[in-house]
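The values are calculated or read from the model by the stated rules, or taken from the named source; none is laboratory data. Since the structure is predicted, the reported quantities are computational estimates derived from the model, not experimental observations. Glycine gets a Cβ as well: all are built from the backbone with ideal geometry, and neighbour counts include every protein chain shown. Only protein heavy atoms, including side chains, enter the accessible area calculation; ligands, DNA and RNA are left aside. Shrake-Rupley method; radii C 1.70, N 1.55, O 1.52, S 1.80 Å.
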Amino acid sequence: MITSPLVPVPIPDRVAALIGSCLPQDVLQAEFDAVCAAREVNRFRGPLCAEDRADREHALAALARANKVLAKHHPLLPVRPGQ
């Protein structure tokens, strides 16, 4: 098994703010929406009742809408559930 030598390192708040100031506002909002929707999709596991399935589909739709904006800005920006 090959593992990645890269270890995720947290980004300081000032660096994140600097990066965010370079992006258009709609892309920043789409990124926030995509991360929230991906987190919501990951909440639903196992057998789902009808209401949970509807909520999961709603979160998947929100993720798809946000990913359209992100992909239009840069092809590597879209967010996947569980990422």
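Every condition in (1) open to solvent by 80 Å² or more (accessible area, probe 1.4 Å); (2) more than 26 Å from Ala62 (Cβ to Cβ); (3) among the hydrophobic types (A, V, I, L, M, F, W, C); (4) assigned to a helix (DSSP H, G or I) holds for Phe32 except the one numbered (2). Condition first: in contact (Cβ under 8 Å) with a residue 12 or more places away in the chain and crowded, with 17+ Cβ neighbours inside 10 Å. Can you find one or more residues in region 39-51 that meet it? Yes, region 39-51 contains a residue that is in contact (Cβ under 8 Å) with a residue 12 or more places away in the chain and crowded, with 17+ Cβ neighbours inside 10 Å. Inclusion of Gly82 among residues that are at positive phi, assigned to a loop (DSSP other than H, G, I, E, B), within 17 Å of the chain's Cα centre (by Cα) and not hydrophobic (A, V, I, L, M, F, W, C) is warranted. Only one entry of Ala34, Ala17 meets the criterion of being modelled with pLDDT of 90 or more and among the small types (Gly, Ala, Ser), and that entry is Ala34.
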